[in-house]
1. Inside the stretch 113-129, can you point out the residues that are within 13 Å of residue 89 (Cβ to Cβ), in contact with a helix residue (DSSP H, G or I) (Cβ under 9 Å, 6 or more places away or on another chain) and either surrounded by 19 or more Cβ atoms within 10 Å (Cβ to Cβ) or in contact (Cβ under 8 Å) with a residue 40 or more places away in the chain (or both)?
2. Take residue 134 and tell me if it is over 18 Å from residue 25 (Cβ atoms), free of Cβ contacts under 8 Å to residues at least 60 places away in the same chain and under 16 Å from the mean Cα position of the chain (by Cα).
3. Filter the stretch 27-53 down to the residues that are under 20 Å from residue 172 (Cα atoms), surrounded by 23 or more Cβ atoms within 10 Å (Cβ to Cβ) and free of Cβ contacts under 8 Å to residues at least 60 places away in the same chain and list them by number.
4. Just a yes or no: is a residue in the stretch 70-88 more than 24 Å from residue 131 (Cα to Cα) and surrounded by 14 or more Cβ atoms within 10 Å (Cβ to Cβ)?
5. Looking only at the stretch 92-109, count how many residues are out of contact with any helix residue (DSSP H, G or I) (no Cβ under 9 Å at 6 or more places or on another chain) and farther than 20 Å from residue 135 by Cα.
6. Of all residues in the stretch 167-181, which are assigned to a helix (DSSP H, G or I) and either surrounded by fewer than 11 Cβ atoms within 10 Å (Cβ to Cβ) or touching a helix residue (DSSP H, G or I) at 6+ places or on another chain (Cβ under 7 Å) (or both)?
7. Hey, does the stretch 94-102 have a residue that's surrounded by fewer than 16 Cβ atoms within 10 Å (Cβ to Cβ) and farther than 23 Å from residue 35 by Cα?
8. Scanning the stretch 2-35 for residues that are part of a strand (DSSP E or B) and under 15 Å from the mean Cα position of the chain (by Cα), which turns out modelled with the lowest pLDDT?
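The values are calculated or read from the model by the stated rules, or taken from the named source; none is laboratory data. Just so it is clear, the structure is predicted and the values come from calculations on it, not from any experiment. Ideal geometry is used to build each Cβ from the backbone, glycine not excepted, and the neighbour counts take in all protein chains shown.
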């Protein structure tokens, strides 16, 4: 049987936990028994500058270490990145796009098509989630990395909600029980919405 490999690319801004998001994807997938790797792409980023990180998941050992050029899942943590010419690079008709926004699926689809008219994406594969609103309300900060991953867990076979919860507990252990509890509450709100 040919191993199934899935590729995730995460876009956001410096300070939004983009690297941590990819690490959580890999950790949650590992907890579900998959092989996984996560890695960032850095330039001379500063707080607020665009940042990209990657996660690759497979049913077999992963040998490649290259960046992800054709994502199966594209996570956009900050809707202000729409219009960035690289945001949809390599996206295809099967790419699922999970975006942090209060806008509708139709509005986001129109914006994405306008910014990248040659990219062949499908509106049905765009998942809009109000991660910022939930993060600010529950966590008290606009850090959406854990929150948006609940939408990924719900809309993909990459990892389970229970593995995401366990990964968040492990990754945020040094932040204390209150931070962990708030992140888990926010994850639940998004997953159940």
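1. Residues of the stretch 113-129 that are within 13 Å of residue 89 (Cβ to Cβ), as a first pass: 115-116, 118-121.
Then drop every residue that is not in contact with a helix residue (DSSP H, G or I) (Cβ under 9 Å, 6 or more places away or on another chain), which leaves 119, 121.
Hit for the stretch 113-129 is 121, nothing else.
2. yes
3. Kept after step one, since they are under 20 Å from residue 172 (Cα atoms), are these residues of the stretch 27-53: 27-32, 36-40, 53.
Right, trim to surrounded by 23 or more Cβ atoms within 10 Å (Cβ to Cβ) and you get 28-29, 36, 53.
Scanning the stretch 27-53 gives 36, 53.
4. From the stretch 70-88, those more than 24 Å from residue 131 (Cα to Cα) are 70; that's our starting set.
Next, only the ones that are surrounded by 14 or more Cβ atoms within 10 Å (Cβ to Cβ) stay: none.
Scanning the stretch 70-88, I find no residue that is more than 24 Å from residue 131 (Cα to Cα) and surrounded by 14 or more Cβ atoms within 10 Å (Cβ to Cβ), so the answer is no.
5. Final tally of qualifying residues: 2.
6. Residues of the stretch 167-181 assigned to a helix (DSSP H, G or I): 167-171, 173-175, 177-181.
Correct list: 167, 168, 169, 170, 171, 174, 177, 178, 180.
7. Taking the stretch 94-102 and keeping what is surrounded by fewer than 16 Cβ atoms within 10 Å (Cβ to Cβ), we get 94, 102.
Then keep just the ones that are farther than 23 Å from residue 35 by Cα; that gives 102.
Yes, there is a match, as at least one residue in the stretch 94-102 is surrounded by fewer than 16 Cβ atoms within 10 Å (Cβ to Cβ) and farther than 23 Å from residue 35 by Cα.
8. Just the residues of the stretch 2-35 that are part of a strand (DSSP E or B), to begin with: 5-13, 35.
In the following step, the residues that additionally are under 15 Å from the mean Cα position of the chain (by Cα) were identified as 6-13.
Numbers: 6: 94, 7: 96, 8: 97, 9: 97, 10: 96, 11: 95, 12: 93, 13: 90.
Across the stretch 2-35, the extreme among qualifying residues is 13.
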